[in-house]
Every structure is written in C-alpha cells, then in structure tokens.
Amino acid sequence: MYRNPVRMAVSSGVWASAWYLFSYLIVGTALFGAVVPITLTSAALVIIWAGLPLLIGAAYFIRGCVVMERGRARVLVPEGLPALEPMDAAEGFFANLKAAWRNRVTLRGLAHFTLLYVPLLALSAVVFAVWLAFLALITVPIWYRYLPYDFDGQRIHGMAWGYFPHGPHGKDAVGFWIGSDLSAAVAAVVALVLFLAWNYVLVATARVHATAMRAVISGTGDPLAPARRVLESPGPLSAASRASASPTQT
C-alpha cells in the first residue's frame with residue numbers, strides 16, 4: 001500500500017483487488033453451486049454403492065476447483081502459491097477412495113467452497129459495492145440532472161442524499177440535495193475523498209480474502225526446506241564440504 005492516497009488510487013493493486021473481489025461474486029457462487037450438490041449427491045448415493053466412484057470423482061473435482069481458485073489469486077500474488085500437495089498413490093478402489101478424501105487439499109477445498117462461502121461473499125459484496133458507489137459518485141455532475149425525483153405529485157430532476165418526503169425544500173427534509181452544478185461539484189469532491197480513503201479498505205479486504213484462501217487451500221511447503229537450504233549452501237555443513245572432507249578409501 002502507498003501512503004499517498006492519489007498514488008494509491010492509480011496503482012495496479014487497487015484495481016487488481018477490485019477485480020479479485022468482484023470476480024469472487026461470480027466464480028465463488030458458481031463453485032459453491034457446483035461443489036455442494038456434487039458432494040451431497042455422491043454422499044447420498046453411497047447407500048446403494050453407486051456413490052463410491054462418484055465420491056472419488058467429487059474429490060478430484062474439488063481439487064480442480066482449488067486449482068482454479070489459486071489461478072484467480074494470481075492477480076494478487078503474481079509469484080504464485082506453493083505447489084499443491086500431491087494426491088497419494090494407492091492401489092485398489094477403496095484405497096483410492098480413502099486417499100482422495102484424506103488428502104488435505106480435498107478437505108480444505110471443501111471447507112473453503114462451502115463453509116467460508118457466505119462470509120467471504122458478504123465481505124466481498126459490501127466492500128466492492130461501497131467502492132463502486134464512491135467511484136460512480138465522482139461523476140455525479142455529469143448525470144445528476146437526468147435523475148427524476150417525484151414528491152407530492154410533482155417531478156423534478158436531481159439526486160437526494162437523505163430523506164425528502166416533500167421535496168428538497170419541503171417540510172421534514174433531512175440530507176443533502178443535489179440539484180445544481182455547485183451542489184453536484186460538492187458531492188463529487190466528497191465522493192472523491194471517500195473513494196481515496198476506501199481504496200485502503202478495498203485492498204485490505206482483498207488481502208484478508210487471499211490470506212484466508214492461502215491458509216485453507218494453498219499448498220503446504222516442505223517442512224525440511226530450511227535444513228535443505230543449509231545443506232545445499234556453501235559452508236561446513238554443505239554436502240560438497242562433507243564429501244571433500246571424507247577420507248579416501250583405498
């Protein structure tokens with residue numbers, strides 16, 4: 001993030017975050033609508049054995065959805081995520097079934113596409129909608145005069161920020177009425193300030209979203225990677241040093 005809000009607004013991070021949140025509204029909903037019925041149908045058909053091969057297929061389908069979601073996250077993580085944990089090789093039908101559903105990618109992917117769908121959807125929808133509203137209101141001087149507003153059998157043109165039951169100058173009016181170029185310019189300036197501030201909320205929300213995705217369905221790193229790096233780097237513990245230090249057998 002940039003401290004300068006203007007620089008922040010024109011940075012690629014803001015627009016990538018906006019696209020990431022917006023695309024989740026479509027892609028996340030589609031994946032939820034596919035994963036849930038496929039998994040439930042496969043589980044229900046287990047009682048007549050027909051669901052067993054379907055369960056294996058469902059596990060691989062969930063894994064494919066995980067790959068798709070990881071690809072979508074590249075707009076925020078250009079370097080990509082760690083490699084996915086491979087599916088364990090097994091011999092026999094039931095061994096493959098057990099391996100498929102004991103795999104952490106399958107289980108975490110199922111949790112991500114079902115349990116986290118509603119909170120992530122709500123968060124994405126609210127933050128993106130507010131950001132888009134502020135962005136649109138910056139241009140209010142262009143189109144405010146084309147908005148009809150009806151009250152007490154009359155029709156005028158303008159935009160109401162508040163409650164105006166009897167018109168912009170009537171009784172019980174509360175809020176700000178945009179009915180002139182000056183008031184529209186004031187509204188645009190306010191919207192611009194709010195837009196610049198909300199960009200930080202947008203980017204932070206996208207990062208939280210991506211962090212949740214990374215924690216649930218990203219690949220697991222090699223737990224011995226630090227030790228491997230020490231052994232492979234030059235030094236007294238490197239493999240080459242140990243080989244040269246070993247006595248020559250004659």
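Among the residues making up the stretch 167-220, a single one is buried (at least 17 other Cβ atoms within 10 Å of the Cβ), in contact with a Pro (Cβ under 8 Å, 6 or more places away or on another chain) and hydroxyl-bearing (Ser, Thr, Tyr): SER218.
Looking only at the stretch 138-156, how many residues end up being more than 30 Å from ALA9 (Cβ to Cβ) and exposed (fewer than 12 other Cβ atoms within 10 Å of the Cβ)?
The initial filter retains those residues of the stretch 138-156 that are more than 30 Å from ALA9 (Cβ to Cβ), namely 148-156.
Right, trim to exposed (fewer than 12 other Cβ atoms within 10 Å of the Cβ) and you get 148, 150, 152-155.
Counting residues in the stretch 138-156 that are more than 30 Å from ALA9 (Cβ to Cβ) and exposed (fewer than 12 other Cβ atoms within 10 Å of the Cβ) gives 6.
Regarding ALA160, is this residue part of a strand (DSSP E or B), surrounded by 14 or more Cβ atoms within 10 Å (Cβ to Cβ) and in contact with a Pro (Cβ under 8 Å, 6 or more places away or on another chain)? It is true that ALA160 is part of a strand (DSSP E or B), surrounded by 14 or more Cβ atoms within 10 Å (Cβ to Cβ) and in contact with a Pro (Cβ under 8 Å, 6 or more places away or on another chain).
If you go through the stretch 82-102 one residue at a time, do you hit one that is within 12 Å of ALA212 (Cβ to Cβ) and not basic (Lys, Arg)? Reasoning before the result, please.
In the first step, residues of the stretch 82-102 are kept if they are within 12 Å of ALA212 (Cβ to Cβ); the result is none.
Within the stretch 82-102, none of the residues are within 12 Å of ALA212 (Cβ to Cβ) and not basic (Lys, Arg).
Whenever a residue of the stretch 79-108 is on the phi > 0 side of the Ramachandran plot, its partners that are of a type outside the set (Asp, Glu) and surrounded by 12 or more Cβ atoms within 10 Å (Cβ to Cβ), lying with C-beta atoms within less than 7 angstrom and at least six residues away or across chains, give the pairs GLY80/ARG74. Please specify each residue of the stretch 97-129 satisfying the condition of being out of contact with any helix residue (DSSP H, G or I) (no Cβ under 6 Å at 6 or more places or on another chain) and over 19 Å from LEU31 (Cα atoms). Scanning the stretch 97-129 gives LYS98, ALA99, ARG102, ASN103, VAL126, ALA129. For the stretch 104-117, indicate whether the set of residues that are in contact with a Gly (Cβ under 7 Å, 6 or more places away or on another chain), part of a helix (DSSP H, G or I) and within 20 Å of MET68 (Cβ to Cβ) is non-empty. Yes, because at least one residue in the stretch 104-117 is in contact with a Gly (Cβ under 7 Å, 6 or more places away or on another chain), part of a helix (DSSP H, G or I) and within 20 Å of MET68 (Cβ to Cβ). Of everything in the stretch 42-76 that is over 14 Å from GLY109 (Cβ atoms), surrounded by 14 or more Cβ atoms within 10 Å (Cβ to Cβ) and among the β-branched types (Val, Ile, Thr), the residue that is modelled with the highest pLDDT is ILE56. Scanning the stretch 64-77 turns up no residue that is farther than 19 Å from ALA18 by Cα and not in a helix (DSSP H, G or I).
Of all residue pairs spaced 6 or more apart or on separate chains, those with beta-carbon atoms under 6 Å, a first member in the stretch 12-40 that is without any contact (Cβ under 8 Å) to a residue 60 or more places away in the chain and a second member that is surrounded by 20 or more Cβ atoms within 10 Å (Cβ to Cβ) and in a helix (DSSP H, G or I) are ILE38/ALA58. If we keep just the residues of the stretch 127-157 that are closer than 30 Å to SER23 by Cα and assigned to a loop (DSSP other than H, G, I, E, B), which is modelled with the lowest pLDDT? The residue in question is LEU147.
The values are calculated or read from the model by the stated rules, or taken from the named source; none is laboratory data. Source: prediction; values computed, not measured. As a convention, Cβ positions derive from the backbone with ideal geometry for all residues, glycine included, and neighbour counts pool all protein chains shown.
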